[in-house]
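The structure appears right after this line, and notes come after that.
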Amino acid sequence: DAGVIQSPRHEVTEMGQEVTLRCKPISGHDYLFWYRQTMMRGLELLIYFNNNVPIDDSGMPEDRFSAKMPNASFSTLKIQPSEPRDSAVYFCASSFMLGSYNEQFFGPGTRLTVL
Amino acid sequence: KQEVTQIPAALSVPEGENLVLNCSFTDSAIYNLQWFRQDPGKGLTSLLLIQSSQREQTSGRLNASLDKSSGRSTLYIAASQPGDSATYLCAVKGKGDSSYKLIFGSGTRLLVRP
């Protein structure tokens, strides 16, 4: 398996533009997680899905952020409109559950810069 | 609310030295603890996962221990090499309402000097 795949790897956009980040989880994994990493706040969980259903979106910072998982092999994180404070590295991770075993595997991340 | 702390924030050692990275957490009700490595500009690579019922896990030159009652974990790196230079993050997976969340520490940035 190629691991978790994210695109684009880098995104530079202007304030007010819509940004869409994409993720393909590892085949067979039934959990998908979106994280944001900044120098100030470290790694924060934004939202996670189980079997394509959003379970906990309490980490989503505001209504400008939305995430979807239309099928088991694809998820998007959208920011509309984007703001400079959204600049960060966004990671997608996936895992499967076997009892209490739940190791998460991370993608390479998307580095977002909002000017 | 679970909080994870890593000390030190940065560490510089000469090649060949054995070293210990520390991780502490405030709520002992955890499912597991995971150690990750992050290289600059890259994603996270899982190194070791310790279940709450385990005391330690080993992989090559790495050994991670877990003392759930005291809320502590250590990552021991033997015979360090320049290629070990990276940021090391620990994360705990809690129980209850946050049972599927990983709560991360802020990391220890390690530099191994040739």
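Computed from the coordinates by the stated procedures, all read-outs in this text should not be read as laboratory data. The structure presented is a predicted model; accordingly, all values stated were derived computationally and were not measured. Cβ sites come from the backbone with ideal geometry, for glycine too, and all protein chains shown count toward neighbours.
Tabulated values for the structure
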| item | result |
| --- | --- |
| Net charge of neighbours whose Cβ lies under 12 Å from the Cβ of A:N50, counting Lys and Arg as +1 and Asp and Glu as -1 | -2 |
| In order through the stretch A:22-38: 3J(HN,Hα) via Karplus (6.51 cos²θ - 1.76 cosθ + 1.60), integer Hz, x for Gly, Pro | 10, 8, 10, x, 5, 4, x, 7, 10, 10, 9, 10, 10, 10, 10, 10, 10 |
| Calculated FRET efficiency for the pair B:I7/A:S7, C-beta based, R₀ 35 Å, to 0.05 | 0.45 |
| Gyration tensor over alpha-carbon atoms, the stretch B:30-90, equivalent ellipsoid semi-axes in Å | 21, 13, 9 |
| Additional length obtainable on full extension of the chain from A:N71 to A:E103, 0.36 nm per residue less Cα span | 9.4 nm |
| FRET E, pair B:D39, A:Q80, Förster distance 25 Å, beta-carbon r, rounded to 0.05 | 0.20 |
| Cut-off 11 Å between beta-carbons: net charge of the residues surrounding A:M15, Lys and Arg +1, Asp and Glu -1 | -2 |
| Separation of the B:S52 and B:R113 label points, Cα + 7 Å toward Cβ, nm | 4.3 nm |
| Summed residue charge, Cβ within 9 Å of A:T76's Cβ, Lys/Arg positive, Asp/Glu negative | +3 |
| Given 12 as the ceiling on other Cβ atoms within 10 Å, longest exposed-site-free region of chain B for trypsin sites (Lys or Arg not before Pro) in DSSP loops | B:56-114 |
| Stretch gain in nm, segment A:S27-A:L115, where the contour uses 0.36 nm per residue and the Cα spacing is subtracted | 28.2 nm |
| Reachable lysines from A:K78, criterion Cα separation under 17 angstrom, eight or more residues apart if same chain | A:K24, A:K68 |
